[in-house]
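One structure coming up, written as structure tokens, with questions to follow.
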Amino acid sequence: MNRTEFKGYVGEYLAMFLLIAKGYSILEHRYKTVCGEIDIIARKKNTIAFVEVKSRKNEEKCLIALTPKQLHRIQNAAQIFFKRNPKYQNYFSSFDVILVADWKIPVHIKNISI
């Protein structure tokens, strides 16, 4: 595992810790579909959050790294998740991002535009 992969892996665990602290249950980590991977799928009450984690040097670089193509991929993968898990089909969905910048507390942005 190279330095970049390690940083991303650590960022995902920091993001999961943040979500758990905010009352979420982690359903999936690195959920793979034919459309691509969702970093984290979490549940809080009647909402399923599909979370993309961006780990970079600063928050601005994290946001720049989030592309419309990635957001579209997450939306498609979320549809597959609901098909595979019919018990969650009546839940609301939220497409979130967590920004993990060096030496900063991770920032959770809910309901990003797709």
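Which lysines have a Cα less than 26 Å from the Cα of Lys54, not counting those fewer than 8 places away in the same chain?
Once the sequence-local lysines are set aside, what remains near Lys54 is Lys7, Lys22, Lys32, Lys44, Lys45, Lys69, Lys104, Lys110.
Quick one: among Leu27, Leu71, Leu99, which has the greatest mean-square fluctuation in a GNM of the chain with alpha-carbon springs under 10 angstrom?
Evaluated over the chain, the most mobile residue of the options is Leu27.
Return the single residue from Thr67, Thr33, Thr47 with maximal mean-square fluctuation; model: Gaussian network over the chain, springs between Cα atoms under 10 Å.
Thr67
Are there trypsin sites (Lys or Arg not before Pro) in region 57-114 that DSSP marks as loop and that have at most 13 other Cβ atoms within 10 Å, and which are they? Before the final figure, lay out the partial values.
Numbers: sites: Lys57, Lys61, Lys69, Arg73, Lys83, Arg84, Lys87, Lys104, Lys110; in loops: Lys57, Lys104, Lys110.
Of the trypsin sites (Lys or Arg not before Pro), the ones in loops of region 57-114 whose Cβ has at most 13 other Cβ atoms within 10 Å are Lys57, Lys104, Lys110.
So between Lys32 and Tyr9, what do we pick up on full extension, going 0.36 nm a residue minus the alpha carbon distance? Working shown, then result.
Values: separation 23, 0.36 × 23 = 8.28 nm, distance 1.54 nm.
Gain in length upon complete extension: 6.7 nm.
Computed from these coordinates, which is semi-axes √(5λ) of the Cα gyration tensor in Å: [x] 28, 21, 11; [y] 22, 15, 13; [z] 42, 20, 11?
Among [x] 28, 21, 11; [y] 22, 15, 13; [z] 42, 20, 11, the one calculated here is [y].
If I build a Gaussian network model for the chain, linking alpha-carbon pairs within less than 10 angstrom, which residue out of Ile64, Ile40, Ile20 has the largest mean-square fluctuation?
Ile64
Taken together, the values in this text are just the output of simple stated rules run on the coordinates, not laboratory data. All figures in this text were calculated on a predicted structure; none of them were measured in a lab. Note that each Cβ is placed from the backbone with ideal geometry, even for glycine, and that neighbours are counted across all protein chains shown.
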